[in-house]
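So the structure is just underneath, and the comments pick up after that.
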Amino acid sequence: MFSSTVSRTSQKLFTRQTRSMITAQAVIFSKHGEPKDVLKTHTYQIDDENIPENSIVLKTLGSPVNPSDINQVQGVYPSQPEKTTELGTDEPSAVGGNEGLFEIIGVGSKISNFKVGDWAIPANVCFGTWRTHAVTTEDQLTKLNNPSDSKALGKKSGLSVNQGATISVNPLTAYLMLTHYVKLAPGKDWFIQNGGNSAVGKYASQIGKLLGFNSISVVRDRDDLDSLINELKNELGATQVITEEQNSSKDFGPTIKGWVKETGGEVKLALNCVGGKNSTGVARKLSNNGLMLTYGGMSMQPVTIPTSLHIFKNITSAGFWVTALLKGNPELKKKTLDQIVSWYENEELLDAPSVETAFDATKDDLAQLYKNGIENSKKGKQLIVY
Ligand SMILES: NC(=O)c1ccc[n+]([C@@H]2O[C@H](COP(=O)([O-])OP(=O)(O)OC[C@H]3O[C@@H](n4cnc5c(N)ncnc54)[C@H](OP(=O)(O)O)[C@@H]3O)[C@@H](O)[C@H]2O)c1
């Protein structure tokens, strides 16, 4: 986002002037800390009548609050946006948020790959998506079909704002973990995952089903367990759903072996976003030579794998980070995105619903809206829509 092209143009674009211009707002931080203490709203002007030839003006349609966005503001996440004064802030600042969906509302004379009305998402992380508008360059964006494009292509459905705004992280993570490392035989092989009701877990169940893979989802026990099991199995395609207690019980092991034997396959892959005892349990279900990919640490406990699993079953434990995998591989990103978009357009994939809050510029403080979203993150994925 803060490429040199934008830097050169920013003086012209972001100076405060009196004639009619776009009044933009961004949620910025100039130092790291708890989001409630460091996030502020910054207001600035964008001159959309004099767009530099290589610039694109965007209106935000929606941007979510992801766990990694919060960690980024806290300063405990490895990828960090550059802090600059490009938006006219007194101190060098960065705009929060990594994922989001934008509509193009203005293009410079040399822009050829985007036109007004197109939809786009950031090509890379650290774009700063918690804002009403942005000015950027072509190389910073990836085009997505907007509903009119999908209609013109004869697709069943166009993307919703929630689908577009949350496409870059969770669906790609689930798809890549299931396809990029281990070859699972459709109809036969299995994967096991904990956090089976997480957003990533729900995509993994659905994508597993679409690709013909059998799955076991581990979830925490709860009052409405039956309804969760019903949702995961009957709406989202998980083959089996078990509780953490069953995952750690020796007595339950033979039941799982029975399921796997029935399909004539193996449990070749485990997806771990919890850690601790739960990771031990899923690793124990792997067949010989299986792989456990750790992509999150929700319990804040270390990943624990018994020595015997390494020695006698040759289990491998590895990490997965979607940002690192896709950073140097735009072709893989495009191929994966195209697949997810196509499933959405064919109504084969359900998005994980978000709790949507609409920004009203006449009464809302934008930073407060994201602070509330962070506060409410445990109640479901929070999406601010514009
Ligand atoms: N590495 C990557 O590239 C990558 C990409 C995407 C996401 N992630 C990470 O993946 C994780 C899940 O993300 P998400 O957006 O899917 O999250 P989410 O929808 O908020 O789901 C969180 C999940 O974690 C479970 N959980 C929370 N605390 C737990 C604990 N102490 N013990 C056991 N389970 C616990 C929750 O279960 P309950 O419902 O029982 O609370 C829920 O299933 C996060 O850590 C995120 O940062 C990593």
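The values are calculated or read from the model by the stated rules, or taken from the named source; none is laboratory data. Quick caveat, the model's predicted, so the values are computed rather than measured. Please note: Cβ atoms are built from the backbone with ideal geometry, for glycine as well, and neighbour counts cover all protein chains shown. The accessibility values were calculated without ligands, DNA or RNA, using every heavy atom of the protein model including side chains. Shrake-Rupley method; radii C 1.70, N 1.55, O 1.52, S 1.80 Å.
In segment 219-243, how many are in contact (Cβ under 8 Å) with a residue 40 or more places away in the chain and buried (at least 19 other Cβ atoms within 10 Å of the Cβ)? It would help to see each step written out before you state the result.
Of all residues in segment 219-243, those in contact (Cβ under 8 Å) with a residue 40 or more places away in the chain come to 235-236, 238-239, 241.
Still in the list and also buried (at least 19 other Cβ atoms within 10 Å of the Cβ): 236, 238, 241.
Total satisfying the criteria: 3.
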Worksheet item: If you go through segment 372-386 one residue at a time, how many are away from the ligand (no atom under 14 Å from the Cβ) and buried (at least 20 other Cβ atoms within 10 Å of the Cβ)?
Response: 2
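Taking the condition more than 16 Å from the ligand (Cβ to nearest atom) and modelled with pLDDT of 95 or more, does LYS12 pass?
Taking the combined requirement at face value, the residue does not satisfy it.
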Practice prompt. State whether one or more residues within segment 122-140 are among the aliphatic types (A, V, I, L, M), assigned to a loop (DSSP other than H, G, I, E, B) and open to solvent by less than 10 Å² (accessible area, probe 1.4 Å).
Written response: no
Worksheet, complete the sentence: Over segment 334-369, the set of residues within 16 Å of the ligand (Cβ to nearest atom), open to solvent by less than 30 Å² (accessible area, probe 1.4 Å) and either at pLDDT 95 or above or more than 18 Å from PRO67 (Cβ to Cβ) (or both) is THR336, LEU337, ILE340, LEU349
Worksheet item: Within segment 27-49, can you find the residues that are touching a residue at least 60 places away in the same chain (Cβ under 8 Å), closer than 18 Å to ASN98 by Cα and crowded, with 19+ Cβ neighbours inside 10 Å?
Response: VAL27, ILE28, PHE29, PRO35, LEU39
Worksheet entry | Long-range neighbours under 8 Å by Cβ, at least six apart or interchain, first residue at positive phi within segment 374-386, second part of a loop (DSSP other than H, G, I, E, B) and hydroxyl-bearing (Ser, Thr, Tyr) | GLY380/SER354
Worksheet item: Is it the case that some residue within segment 189-200 is within 10 Å of the ligand (Cβ to nearest atom), assigned to a helix (DSSP H, G or I) and in contact with a Cys (Cβ under 7 Å, 6 or more places away or on another chain)?
Response: yes
Worksheet item: Of the residues that sit in segment 300-321 and are within 9 Å of the ligand (Cβ to nearest atom) and at pLDDT 95 or above, which one is most open to solvent (accessible area, probe 1.4 Å)?
Response: GLN301
Practice prompt. Spot the failing condition for ASP189; the list is (1) open to solvent by less than 10 Å² (accessible area, probe 1.4 Å); (2) out of contact with any Gly (no Cβ under 9 Å at 6 or more places or on another chain); (3) of a type in the set (D, E, K, R), and only one is missed.
Written response: (2)
